[in-house]
Amino acid sequence: PDEISGLFPLCKVDDVMAGFYVEDDGRVNPVDACTALAKGARMAGARIIEQAPITSVLTSRGKVSGVQVSLGDGSVKEIRTPVV
């Protein structure tokens, strides 16, 4: 687990007993991965808003419930969803 944590600092390892690392496994072009995720989201009914920085994270009962974004025209939009 210590070696895994060293290779992948964001990985939660407190419940990991063992692991292995293959240098060439798990590599992906980030643009292709993002494009595929966006396509899947659109196919499931999502609408993607680009160039809209998040200005606030919305919470409900201590959990994230959505975001507030700033749109290009200066307006602000609240986006809430049961899954964030």
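The values are calculated or read from the model by the stated rules, or taken from the named source; none is laboratory data. These figures come from a predicted structure and were not determined experimentally. FYI the Cβ positions are ideal-geometry reconstructions off the backbone, even for glycines, and counts take in every protein chain you see. In case anyone asks, the SASA skips ligands and DNA or RNA and just uses the protein heavy atoms, side chains included. Shrake-Rupley method; radii C 1.70, N 1.55, O 1.52, S 1.80 Å.
Among the residues of segment 11-55, which ones are surrounded by 11 or more Cβ atoms within 10 Å (Cβ to Cβ), within 27 Å of residue 75 (Cα to Cα) and over 16 Å from the mean Cα position of the chain (by Cα)?
Scanning segment 11-55 gives a single hit, 55.
Name the single residue, out of those in segment 56-84 being of a type outside the set (Val, Ile, Thr) and outside any strand (DSSP E or B), that is most open to solvent (accessible area, probe 1.4 Å). Reasoning before the result, please.
Of the residues in segment 56-84, the ones of a type outside the set (Val, Ile, Thr) are 56, 58, 60-63, 65-66, 68, 70-75, 77-78, 80, 82.
Filter once more, keeping what is outside any strand (DSSP E or B): 61-62, 71-75, 82.
Details: 61: 232, 62: 79, 71: 47, 72: 83, 73: 125, 74: 62, 75: 46, 82: 135 Å².
Across segment 56-84, the extreme among qualifying residues is 61.
What number goes with the only condition from (1) free of Cβ contacts under 8 Å to residues at least 12 places away in the same chain; (2) at positive phi that residue 48 does not pass?
Just one mismatch for residue 48, condition (2).
Go through segment 56-78 and give me each residue that's within 15 Å of the chain's Cα centre (by Cα) and in contact (Cβ under 8 Å) with a residue 12 or more places away in the chain. First the steps, then the outcome.
Residues of segment 56-78 within 15 Å of the chain's Cα centre (by Cα): 57, 64-67.
Of everything in segment 56-78, those that are within 15 Å of the chain's Cα centre (by Cα) and in contact (Cβ under 8 Å) with a residue 12 or more places away in the chain turn out to be 64, 65, 66, 67.
Please state which one of 52, 41 is in a loop (DSSP other than H, G, I, E, B) and modelled with pLDDT of 90 or more. Outline the logic, then answer.
Numbers: 41 fails: in a loop (DSSP other than H, G, I, E, B).
That would be 52, the only listed residue that is in a loop (DSSP other than H, G, I, E, B) and modelled with pLDDT of 90 or more.
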